[in-house]
Amino acid sequence: MNISTTRKDFPILKRRINGKPIVYLDSSATSLKPQYVIDAMTKYYTTYTANVFRGIYTMSEEATAAYENARKRIAKFINAPSEKEIVFTKNTSESLNLLAYTLLPSRITKGDSVVTTIMEHHSNFVPWQQLVTKYGGTLRVWNIQKDGTLNIHDLKKLVDRKTKIVTFTAVSNVLGTITPISEIVKAVKRINPDCLVIADAAQAVPHIPVDVVAWGADAITFSGHKMLGPSGIGVLWMKEALLDILPPFLYGGDMIREVHVKDTLFNDLPHKFEAGTPFIEGAIGLGAAVEYLQKIGMDQVRRHEKEITSYAMKRLLSIPGVTMYGPKNPEIRGGVIAFRLEGVHPHDVAQILDEDNICIRVGYHCAMPLHEFLGVGATCRASFYIYTTKEDIDALVLGIKKVQKMFK
Amino acid sequence: MDIYRELILDHYKHPHNFGHLSKPTATHTLFNSACGDKITMEIQVDKKDIVTDIQFSGEGCAISQASASMLTDLVKGKTKKEILKLTSADIFSLLNTELSVSRVKCAVLPLEVLQKAVTSTV
Ligand SMILES: Cc1ncc(COP(=O)(O)O)c(C=O)c1O
């Protein structure tokens, strides 16, 4: 991967604010978009705007083909056995809500449990917290160890014959922890073969090679906007046999086969889960993003981010007063670094960095339970992607020193 | 940078009325989950509805801490009614600094907490 050619693909990196370039270190929140994706979406607007599955005319057929090709490409990208297993949603949050709302009513009765972890994004925590108890079950929380990793042996205590679902993040959006998915799946299924395993892959699919067959999980979720695609399109992947018996989440057009006054026959997979006109250009944009990532190669993406992360950890460690969270070993860590500066509130750090267009995120990063568990208030978070350079990290380090000087 | 004028940094580093009351009449805590501020206000109210003592605690950015510090100075000796009349404009004039949209929330959080505490005493 050639970083300077890659950067040329992102038109936003040409922007100057107050004459200064942008140091974008918030890719965990959302990624920048390459021209390739923008062009794919523009093409839909300028040459074949039409609804899908409806018109018997050229443009509609083109739109349908482009929409379905995107689905096929995404299926291949995560090694899904069939494109019928790719359901387009709005984002990871909607994918996880779809699972919680459709899985729990028939699966949870009094005495049952669902397991999630303390380091989840709220979108993989709140739906379960709210709905599991509604059906009389309990939510069990898997805590992390001091180093920010999960201990597989804890599953013996957390999972039993009445545990219906274990759900966890594939990569933490705060600690960067890469969880050993296939090991967790095996451990869970050994205790209870009927327990479903869900991986929130919002921070995994954009950054590391993902193979759902090798992972062995029953469902995974991710968002287009974090992987060079547009916001408003997300994915739920689920094993066909499971998806098939799941009731629909939303009712409406496109998700039906026959409608009579007294009853309705639902459409085949995956359309049963895509009620209404979908975000057609969003899916097409995500398909283009996947194509772009495939051209670079996910091994290269991961290699680049590992290098940047190691460099960033080393540089940040050299600044007195900086505390970092999460695993120290770059092998089990994605391109995310949460940190705190002694004596300065994260919000002030971000504000001063913004003077030099250094974009970081501060707050709880939609992971309040984790911050409470760590016993810290808000944190600063720098996160990386294929366009992040060592110069970006140097700028961050310089910015932090400026903050420290100001608050001395 | 304008926003961090000397007085604000002073209040941040050496906040006034920071700590706890031994027997507060009312206590209230609020979070600003977007940026991670947490502010608790403890007030002592006498029979005439006057706030005779006040302490704040919690974690927040320079803006929210300075705002809390200045606000607690301002309201000591004021009646509940007077406190409930305060608005964000009063906070802005206390801080007297340029606030971007995302910082307005930080600035007014202490007032919000204080007014909730005051309301809870009736
Ligand atoms: C690990 C993780 N899960 C879920 C989400 C939610 O994604 P979205 O906001 O696209 O629904 C995010 C992103 O913020 C995330 O990082």
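Numbers at a glance
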| read-out | value |
| --- | --- |
| Whichever residue in region B:1-23 is assigned to a loop (DSSP other than H, G, I, E, B) and free of Cβ contacts under 8 Å to residues at least 24 places away in the same chain and, among such residues, is nearest to B:Q65 (Cα to Cα) | B:H14 |
| Qualifying residue in region A:245-256 (condition: modelled with pLDDT of 95 or more, within 16 Å of the ligand (Cβ to nearest atom) and open to solvent by 30 Å² or more (accessible area, probe 1.4 Å)) | yes |
| A:I86 away from the ligand (no atom under 16 Å from the Cβ), more than 14 Å from chain B (Cβ to nearest Cβ), among the aliphatic types (A, V, I, L, M) and under 17 Å from the mean Cα position of the chain (by Cα) | yes |
| Complete set of residues in region A:105-136 that are more than 17 Å from the chain's Cα centre (by Cα), open to solvent by less than 10 Å² (accessible area, probe 1.4 Å) and within 16 Å of the ligand (Cβ to nearest atom) | A:W128 |
| Filter result (acidic (D, E) and either assigned to a loop (DSSP other than H, G, I, E, B) or within 12 Å of B:C61 (Cβ to Cβ) (or both)) within region B:95-122 | B:E98 |
| Residue match in region A:359-380 (condition: in contact (Cβ under 8 Å) with a residue 40 or more places away in the chain, more than 14 Å from chain B (Cβ to nearest Cβ) and either among the aliphatic types (A, V, I, L, M) or touching a Leu at 6+ places or on another chain (Cβ under 9 Å) (or both)) | no |
| Test result for B:S57, surrounded by fewer than 20 Cβ atoms within 10 Å (Cβ to Cβ) and not in a loop (DSSP other than H, G, I, E, B) | yes |
| Hits in region B:1-24 (condition: open to solvent by less than 70 Å² (accessible area, probe 1.4 Å) and either away from every other protein chain (no Cβ under 13 Å) or modelled with pLDDT of 90 or more (or both)) | B:I8, B:L9, B:H11, B:Y12, B:P15, B:N17, B:G19, B:L21, B:P24 |
| Any hit, region A:397-408, residues being more than 22 Å from A:N18 (Cβ to Cβ), modelled with pLDDT under 95 and either touching a Ser or Thr at 6+ places or on another chain (Cβ under 7 Å) or surrounded by fewer than 18 Cβ atoms within 10 Å (Cβ to Cβ) (or both) | yes |
| Subset of region A:193-227 that is in contact (Cβ under 8 Å) with a residue 40 or more places away in the chain and more than 21 Å from A:S28 (Cβ to Cβ) - its residue that is nearest to the ligand (Cβ to nearest atom) | A:A219 |
| Looking only at region A:351-361, and only at residues there that are open to solvent by less than 20 Å² (accessible area, probe 1.4 Å) and under 21 Å from B:A66 (Cα atoms), the one that is farthest from the chain's Cα centre (by Cα) | A:I352 |
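Quick grid of which residues meet (1) surrounded by 14 or more Cβ atoms within 10 Å (Cβ to Cβ); (2) within 12 Å of chain A (Cβ to nearest Cβ); (3) out of contact with any helix residue (DSSP H, G or I) (no Cβ under 7 Å at 6 or more places or on another chain):
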site	(1), (2), (3)
B:A26	yes, no, no
B:N32	yes, yes, no
B:A68	yes, no, no
B:E82	yes, no, yes
B:L86	yes, no, no
B:I91	yes, no, no
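The values are calculated or read from the model by the stated rules, or taken from the named source; none is laboratory data. Quick caveat: nothing in here was measured; it's all calculated off a predicted structure. Note: ideal-geometry Cβ built from the backbone for every residue, glycine included; neighbour counts use all protein chains shown. When the accessible area is computed, the model is the full protein with side chains, heavy atoms only, and any ligands, DNA or RNA have been set aside. Shrake-Rupley method; radii C 1.70, N 1.55, O 1.52, S 1.80 Å.
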